[in-house]
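Okay, structure first, notes after.
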Amino acid sequence: MRDDVVGQDSSIISHPTVWKASGHVDHFTDPMVDCKKCKGRWRADQMDSKECPHGGSHELTEPQKFNLMFRTFVGAVEDAASVAYLRPETCQPMFVNFKQIQLVSRQKVPFGIAQIGKAFRNEVNPRNFIFRSREFEQMEMEFFVKPGDAKKWFDFWVQQRFDWYKGLGIRPDKLRLRPHGKDELAHYASMAVDVEYEFPFGWQELEGIAHRGAFDLTQHQQFSGKDLSYFDDAAKEHFVPEVIEPSAGVDRTLLMLLVDAYDVEQIVDEESKKSEERVIMHLSPIVAPIQVGVFPLSKKLGEPAQKLEKALRSEFRTFYDESGAIGRRYRRQDEVGTPFCITVDFQTETDRAVTIRDRDTMSQDRVALDQVSRVLKEKMAAWQRLPNKGTGLAA
Ligand SMILES: [Zn+2]
């Protein structure tokens, strides 16, 4: 939504020299150890068990470097000259294309290039559901600034990105910013802050915001032999811009949304008046896959209910369901996190109104048919995360 950020969608397979220049060919490695007895292989820092299935403890080799990039061959000949890599991150193509995009989009520094897309890493130990996987989705932005302005923009983007997560309706006490210590910083970064969420398996990184200096553009300039400096018209000077990079994991964000929203509570069923267990996803209306469920109280009311659902479809993510007891239908929508359900009943034809039921409080409001869209928008804008009442994963 910003004037100073443009998008791109780059290729997944890029020239191997790109990954040579970025340092990935030589340095994107994990230290691995092998057991000489059981032939098991682990990341040196992620040994799960000291017990060898062949008896006693493992007999480990010295750590060996294992490159995390997926390799493939381009063309018909599989030799060293035709090796190529699946991108292990989306950011390098933004550096490589920096000058083309800057010229074509007529942007002036400071400005950013952003990309969402797949990245691939041959993780030895994928774990924690979709938290760490070999094929994953990244959202990255390279924000190019004048040297000297970097600290200001770094602070700006750290705050922006932290606010973005809070805006997804996550409980604020489960989110934190964690600045990297000097010993943790990547060799190219002079400052870095992680946005972290407290998963059931501990505090983990969702996104890193790094001040990468002019490292990447300088490297690509050197390996490609092309000038990647920027000419500042006002100051009449050339410089290689410095970069602030927010780098976020989409899958991790999704896992966070699921974990944070999940709750199991005891309620009295609206219809049967019996006490029962309710699985509920407290998803914000911003991210709920279904925002509005529309039900006829009875199948006989299917026609007006479907008409209403179709009318709302262009404004909201909707779902129509006419089968089963109304209480069951509410419960199914609670489980997928639908914040509002509308019921068309036998009064609707006479009073031209329907009920809107709130997922979190289970309260119901009678709303005139011609006001439904406006009321839904107001309710969504006013939505606030309530505390978990039951035994949610992240309670
Ligand atoms: Zn072993």
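The values are calculated or read from the model by the stated rules, or taken from the named source; none is laboratory data. Please read all numbers here as calculations on a predicted model, not as lab measurements. Neighbour counts run over all protein chains shown; Cβ positions are idealised from the backbone, glycine included. For accessibility, only protein heavy atoms count, side chains too; no ligands or nucleic acids. Shrake-Rupley method; radii C 1.70, N 1.55, O 1.52, S 1.80 Å.
One table, with the values for the structure above:
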item	result
Residue-normalised accessible area of the chain, expressed per residue, 1.4 Å probe, Å²	51 Å²
Segment 239-373: relative contact order as a whole-number percent, Cα under 8 Å and 6+ apart	21 percent
Helix axis angle, 250-261 relative to the chain longest principal axis, alpha carbon, degrees	40 degrees
Amide proton proximity set for Cys38, modelled H, under 5 Å, gap of 5+	Glu59
Cα convex hull volume per residue for segment 243-395 (Å³)	131 Å³
Distant-in-sequence amide H partners of Gln64 (H built 1.01 Å from N, under 5 Å)	Met32, Val33
Cα long-axis angle, helix 150-166 against the chain (0 to 90 degrees, to the nearest 10)	30 degrees
Net length gained if the chain between Lys146 and Glu303 were fully extended (0.36 nm per residue, minus Cα distance)	50.4 nm
Cα gyration tensor shape of segment 237-323, rounded if a/c is under 1.5, else prolate or oblate by comparing a/b with b/c	oblate
Label zone at Arg127, where the point sits 7 Å out along the Cα-to-Cβ direction: segment 31-51 residues whose backbone N lies under 19 Å	31-35, 39-51
Within the accessible area of segment 93-154 (1.4 Å probe), percent carbon and sulfur	54 percent
Three-way shape label, segment 1-63, alpha-carbon gyration tensor, a/c 1.5	prolate
Rounded to whole Hz, the Karplus (6.51, -1.76, 1.60) HN-Hα couplings of segment 381-389, x for glycine and proline	5, 8, 4, 9, 5, 8, x, 5, 9
Stretchable slack from Asp360 to Ser229, in nm (0.36 nm times residue separation minus alpha-carbon distance)	41.8 nm
Helix-derived mean residue ellipticity, 222 nm - over the chain, DSSP H n ≥ 4, -39500 (n - 2.57), to 500	-7000 deg cm²/dmol
Accessible surface of Tyr165 - all protein chains present, 1.4 Å probe, nearest 10 Å²	0 Å²
Cut-off 13 Å (backbone N to label point 7 Å along Cα→Cβ of Thr391), residues of segment 237-281	263-266, 277-279
Förster radius 30 Å - calculated FRET efficiency between Arg134 and His54 (Cβ-Cβ, nearest 0.05)	0.60
Mean-position separation - Cα centroids, segment 11-90 and segment 227-258, in angstrom	28 Å
The chain: most fluctuating residue of Met256, Met281, Met47 per GNM, C-alpha cutoff 10 Å	Met47
Nearest 10 degrees, 0 to 90: helix 326-336 Cα axis against the chain principal axis	10 degrees
P(r) tail fraction, the chain - alpha-carbon pairs more than 27 Å apart, %	62 percent
Paramagnetic label zone (point 7 Å from Cα along Cα-to-C-beta, Lys118; backbone N under 20 Å) in segment 64-92	68-75, 83-92
Simple label model, 7 Å out from Cα along Cβ direction - Thr29 to Glu315, nm	6.0 nm
Using a Förster distance of 45 Å, the FRET efficiency for Met47-Gln159 (Cβ separation, nearest 0.05)	0.75
Relative packing of peptides 18-24, 118-124, 139-145, 100-106 - highest average C-beta neighbours within 10 Å first	139-145, 18-24, 118-124, 100-106
